[in-house]
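The structure under discussion appears below in the form of structure tokens.
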Amino acid sequence: MSSIFLAGVLFLAAVLGLFSAAAFAQQPTITPTAKALNKSFDSDASQWTERFEHEGRAIYDKRSEILDAMNLKPGMDVADIGAGSGLISRLIAQRVAPNGTVYAVDIAKNMIDHINKVNEEQHITNLRAVLGDPKSPKLAPNSVDVICIIDSYHHFEYPTDMLAEISRALRPNGLLMLIDFKRIEGVSRDYILKMVRAGEGTFTDEFLNAGFELVERRDDMFPENYLLKFKHRPASASSAQR
């Protein structure tokens, strides 16, 4: 086999490999259970409000501790991605008032309509409901100081695309806080194993690969969830570490 022919074969294989990798990156990454649950969010928002906002749900019971973990201060701009009924978003709005703005992002229009309705009823002026899509939270570049993703990341159909958009929206040295389920074979409930596509290690790697730096890990706040804090590395710092 001539060296020219061999070089051509290797080049073609490399090109095909790149196309395959790009195609794979665009494939949805979600379990069938989570996909079905995502579709069900388009139903009556009141039923989800009851499920999300009640005593006994870990996120509801620990809502004050969750807010404390974000180190919120008046004047900060914050995004709650996967906001659901808007509970955490409304609580954040209280802490960053009067000059800070909260963006409650969700891909279910019913949830966005519900958040807007509650905003009007409670006269919350610093909370903006944002209808995102599976590949983007629809936030402006460099628009927020803190982003939280609470029990929502395992619902992301295109995590690579979403993390790239989140990175653009977060200001340099901003905080990204993730709370998700512990997925451990033989330990976690069957519901979690079917709904959550991967464990903490995989999710952490995805955030690191997106250019974030892990700065804190906690698994003592909830019985079935962990909390991770990431720092947004400026582009120059990310390039220097490659």
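The values are calculated or read from the model by the stated rules, or taken from the named source; none is laboratory data. Fair warning: this is a prediction, and the values are worked out from it, not measured in the lab. Here the Cβ positions follow ideal geometry from the backbone for every residue, glycine too, while neighbour counts run over all protein chains shown. These accessible areas exclude ligands, DNA and RNA; they are computed on the full protein's heavy atoms, side chains included. Shrake-Rupley method; radii C 1.70, N 1.55, O 1.52, S 1.80 Å.
Some points to look at:
- Matching residues, the range 94-127, being in a strand (DSSP E or B) and either surrounded by fewer than 17 Cβ atoms within 10 Å (Cβ to Cβ) or of a type in the set (A, V, I, L, M, F, W, C) (or both): VAL102, ALA104, VAL105, LEU127
- Being on the phi > 0 side of the Ramachandran plot and open to solvent by 70 Å² or more (accessible area, probe 1.4 Å) is a description that applies to ASN173.
- Residues of the range 52-88 that turn out to be without any contact (Cβ under 8 Å) to a residue 40 or more places away in the chain, surrounded by 12 or more Cβ atoms within 10 Å (Cβ to Cβ) and part of a helix (DSSP H, G or I), as a count: 6
- Whether a residue is charged (D, E, K, R), free of Cβ contacts under 8 Å to residues at least 60 places away in the same chain, at positive phi and not in a strand (DSSP E or B) was assessed, and LYS138 passes this test.
- Any chance LEU208 is open to solvent by less than 50 Å² (accessible area, probe 1.4 Å), farther than 20 Å from PRO134 by Cα and not acidic (Asp, Glu): no
- Tally of residues being touching an Asp or Glu at 6+ places or on another chain (Cβ under 8 Å) and open to solvent by 60 Å² or more (accessible area, probe 1.4 Å) across the range 139-167: 1
- Selection count, the range 131-149, where residues are over 17 Å from MET76 (Cβ atoms) and among the aliphatic types (A, V, I, L, M): 1
- Residue match in the range 217-237 (condition: under 23 Å from GLU165 (Cβ atoms), at pLDDT 95 or above, open to solvent by 40 Å² or more (accessible area, probe 1.4 Å) and not basic (Lys, Arg)): no
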